1. Over segment 1-42, what relative contact order in percent results from Cα pairs under 8 Å that are six or more residues apart?
2. What does the accessible area per residue of segment 46-187 come to in Å², with a 1.4 Å probe and no ligands, DNA or RNA counted?
3. Kindly provide the helix-only [θ] at 222 nm of the chain, computed as the sum of -39,500 (n - 2.57) over DSSP H runs of four or more divided by all residues, to the nearest 500 deg cm²/dmol?
4. Tell me the relative contact order for segment 25-125 as a rounded percent, counting alpha carbon contacts under 8 Å between residues six or more apart.
5. Rg to Rh ratio, segment 1-145, alpha-carbon atoms and Kirkwood radius?
6. Under the definition of Cα pairs under 8 Å and six or more residues apart, what whole-number percent is the relative contact order of the chain?
7. Suppose every Lys and Arg Cβ carries +1 and every Asp and Glu Cβ carries -1, with no other charges. What dipole size does segment 53-112 come out with about its Cα centre, to the nearest 20 debye?
8. Cα gyration tensor of segment 1-56, axes a ≥ b ≥ c as square roots of the eigenvalues: rounded (a/c below 1.5), prolate (a/b > b/c) or oblate?
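The values are calculated or read from the model by the stated rules, or taken from the named source; none is laboratory data. Model, not experiment: these values are computed from the prediction. Using ideal geometry, Cβ is built from the backbone for each residue, glycine included, and neighbour counts are taken over all protein chains shown. Accessible surface areas use protein heavy atoms only, side chains included; no ligands, DNA or RNA. Shrake-Rupley method; radii C 1.70, N 1.55, O 1.52, S 1.80 Å.
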Amino acid sequence: MFTGLIEQVGRVAAPAPRIRIACTFDDLHEGDSVSVNGCCLTALEVNTWGFSADLASETVARTNLGDLAPGAPVNLERSLRVDARLGGHIVQGHVDGTGEIVSFENGWLVVRVPDALDKYIVEKGSISIDGISLTVAGIADRVVRVAIIPHTQSHTNLAAAKPGARVNLEVDILAKYLEKLSNGYTR
């Protein structure tokens, strides 16, 4: 489990299927969970340069990790410790799908979301975009609007965000459980 508070921005050193991430975590160990753009991966080959991780075909199909070329910035977060504060929201690292950046200007990130995820997103609710815990400012016609403060922009991969780019989305797990309990879960 994660919080959606990005600890550092790493760089892709080698692409999928065994992705290598250059980063500076000093206490990462083989087998640890790491959120990479919001996707929970298992760290392998941990070294002074960073770590590698194997990507399953499901991960490549459901996320933007297969799109990343060497040098691409990625948001990184280590798994939540039980004794730590939950500063963002509950992020599982289980990407529900990808969205497309429509625009990013004047502190507003606008993302088109898949139809299947639209029903789980509500104004003032939480959403994870590339692993970043964000609050939905508005949603209409499958387009989500979130405010991005300068700190978030400069300390995440959003510093390089461009219209048309795919971003990983994870909707609030509580919405999916509520739907299932109401007998409407269709996935």
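1. Once normalised by length, the contact order is 26 percent.
2. Each residue of segment 46-187 exposes 53 Å² on average to a 1.4 Å probe.
3. When only DSSP H runs of four or more count, the value is -3000 deg cm²/dmol.
4. 23
5. In segment 1-145, Rg relative to Rh is 0.97.
6. 25 percent.
7. 200
8. rounded
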